[in-house]
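Asker: Dumping the structure here so I can ask a few things about it.
Please treat every number below as a calculation from the coordinates, not as lab data. On a predicted model such as this, the values are computed, not experimentally measured, just so you know. As a convention, Cβ positions derive from the backbone with ideal geometry for all residues, glycine included, and neighbour counts pool all protein chains shown.
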Amino acid sequence: MNTVLKTVILGAPGSGKGTISSRIIKAFNMDYISSGDRLRQHIKEKTPIGLEASKYIKDGKLVPDDLMIKFISEELKKVKSKPWLLDGFPRTLFQAQAFWKEEKLDLAVNLVVPFSVIMERVEGRMVHLQSGRVYNSSFNIPKVPGVDDVTGEPLIKREDDKPEVVKKRLEVYDKMTRPVIEFYREKGILKDFHGETSDAISPQVLKELSNYMRLEGSQ
Ligand code: AMP
């Protein structure tokens, strides 16, 4: 067998993409390629690509398409022997089209969470900066309001979790990603997963992926 399952996950900020991705890679022992994480790693190591990309990232801009496509192709060369899940790439239609010429994906997982649910979720989110522990005022409530359960230190609200900022991020996501979603829909590999929480969506995604794994294993 020389095929590996090639998947991408798409979902708005606050859609639970991180949580669901970690459940997928754990369940199927997949390689996880998060474009943002990989770029941050390169920046930390001061590689040529990291130095180039940091110029854009520090201004909150997208890294240019051609640089991104080259970068992801290089990263994928390192993981070819295992099924993989790509997160954060492609972010533009151009990236999706160019990447398709190099890699024919098997499945694009599209997380569809209502806008109002995302707004509510991030509005109630509080974090303990030092540890990264995340709380929520409606479903993951700290024992003492505004205080980290473990250390007793204060929780803060992230700048980019403020309602007006979240709304803007969601609009930008929608504008950039809608054409990518349509591109994969036309290719016949897009699957929508609807729900309000990661616990509701994850089982659907895992079930779908296990069908693909079976198919792959039987080739
Ligand atoms: P993230 O952690 O996914 O939000 O990515 C952090 C930053 O890396 C983004 O704000 C972009 O500057 C850059 N980045 C990550 N993925 C891409 C991509 N597919 N295209 C362009 N820039 C990207």
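Asker: Between Leu155 and residues 5 or more places away or on another chain, which pairs have amide H atoms under 5 Å apart, with H built 1.01 Å from N, and which residues are they?
Answerer: Hits under the 5 Å cutoff: Val147, Asp148.
Asker: What angle, in degrees between 0 and 90 and rounded to the nearest 10, separates the Cα long axis of helix 163-187 from the longest principal axis of the Cα atoms of the chain?
Answerer: Helix 163-187 sits roughly 20 degrees off the main axis of the chain.
Asker: Could you pull out which residues in segment 142-158 have an amide N less than 15 Å from a spot 7 Å beyond the Cα of Gln130, following the Cα-Cβ vector?
Answerer: Within reach of a label on Gln130: 147-156.
Asker: Here is a further query. When all alpha-carbon pairs of the chain are counted, what percent fall beyond 30 Å?
Answerer: The calculated P(r) of the chain puts 27 percent of pairs beyond 30 Å.
Asker: Next question. Tell me what the chain gives for mean residue ellipticity at 222 nm when only DSSP H runs of n ≥ 4 count, each as -39,500 (n - 2.57), the sum divided by the residue total, rounded to 500 deg cm²/dmol. Walk me through the numbers on the way to the answer.
Answerer: Details: 8 runs with 109 residues, N = 219.
Roughly -16000 deg cm²/dmol at 222 nm, from the helical runs in the chain.
Asker: Using only Cα atoms, figure out Rg for segment 20-107 and give it as a multiple of 2.2 N^0.38 Å.
Answerer: So the Cα radius of gyration is 1.09 times the expected 2.2 N^0.38 Å.
Asker: Kirkwood hydrodynamic radius of segment 39-82 from all distinct Cα pairs, in Å?
Answerer: The Cα-based Kirkwood calculation yields 10.9 Å.
Asker: Follow-up question, since we're still on this one. Which of Ile24, Ile57, Ile181 comes first, and how do the rest follow, when ranked by fewest Cβ neighbours within 10 Å?
Answerer: Starting with the residue having the fewest Cβ neighbours, the order is Ile57, Ile181, Ile24.
Asker: With θ taken as phi - 60° and the coefficients 6.51, -1.76 and 1.60, list the Karplus ³J(HN,Hα) couplings across segment 111-125 in order, rounded to whole Hz; mark glycine and proline as x.
Answerer: Working through the residues one at a time gives 8, 10, 10, x, 3, 5, 5, 5, 4, 4, 5, 6, 5, x, 7 Hz.
Asker: If you average the sequence gap of Cα pairs under 8 Å that are 6 or more apart and divide by the length of the chain, what percent do you get for the contact order?
Answerer: Details: 272 pairs, mean separation 64.9, N = 219.
Relative contact order comes out at 30 percent.
Asker: Under the 0.36 nm per residue contour assumption, what length would be gained going from the current alpha-carbon distance of Lys167 and Leu206 to full extension? Walk me through the numbers on the way to the answer.
Answerer: Working: separation 39, 0.36 × 39 = 14.04 nm, distance 2.93 nm.
The span from Lys167 to Leu206 would gain 11.1 nm if fully extended.
Asker: OK, next. Over all directions, how big on average is the projection of the convex hull of the alpha-carbon atoms in segment 85-185, in square nanometres?
Answerer: Computed as one quarter of the Cα hull surface, the answer is 8.0 nm².
Asker: Using Cβ counts within 10 Å as a stand-in for footprinting exposure, how do Leu170, Leu209 rank, fewest first?
Answerer: Lowest count first: Leu170, Leu209.
Asker: While we're here: Once amide H atoms are placed 1.01 Å from N in the peptide plane, what residues at a sequence separation of 5 or more from Phe89, or on another chain, have their amide H within under 5 Å of its amide H?
Answerer: Ser35
Asker: Please work out how many pairs of lysine residues in segment 115-219 are eight or more positions apart (or on different chains) and have Cα atoms closer than 30 angstrom.
Answerer: Counting lysine pairs in segment 115-219 gives 17.
Asker: Which of the trypsin sites (Lys or Arg not before Pro) found in segment 112-161 are in a DSSP loop and have at most 12 neighbouring Cβ atoms, other than their own, within 10 Å?
Answerer: Of the trypsin sites (Lys or Arg not before Pro), the ones in loops of segment 112-161 whose Cβ has at most 12 other Cβ atoms within 10 Å are Lys143.
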